[in-house]
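Asker: Below is a structure I'd like to ask you about.
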Amino acid sequence: DDATTGGAQIALVGTETSLEDDDDLGTIYFVGVDSSLSSNKAVGAKIMAETDGVWDNSSDNDAPTELSFWTTSSDSSYAIQKRMSIASDGKVGITSAAPAYHLDVVKGAGSTRVCRIKNSTTWWNKFYR
């Protein structure tokens, strides 16, 4: 129960006493069970929170955090991969491990950045190489 708003909360609380850059804060896994699989269970997706720098809570709530969204592809690798991230500075990356722009969209596995946005009637395209 949140004392300030009266709303309910879900908390993943770790036991790490000193948080450094890229430490895992918590992960929500989406797992399917299929008796035809060799391991019987498979992770289809996950949402992960990790530190984005060293935390210093000595005086302020200095807790830079990145949130990432992972899915499993249907190609031959079936590997779970990071598809989208929100960095601690608010930059959003889609298929970009480290967003360089407020919205950073990378085409495929390469480094070609592409963004296509549509208002009510017109497409706006922007490509970076």
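Read the figures in this text as sums done on the coordinates, not as results from a lab. Because the structure is a prediction, the values reported are computed rather than measured. Note: ideal-geometry Cβ built from the backbone for every residue, glycine included; neighbour counts use all protein chains shown.
Asker: For the pair Thr4 and Leu37, what calculated FRET efficiency results from E = 1/(1 + (r/R0)^6), where r is the Cβ-Cβ distance and R0 = 35 Å, to the nearest 0.05?
Answerer: Values: r = 44 Å, r/R0 = 1.27.
Calculated value: 0.20.
Asker: Could you check the simple spin-label distance between Ala63 and Lys107, using points 7 Å along Cα→Cβ, in nm with one decimal?
Answerer: Output for this residue pair reads 4.0 nm.
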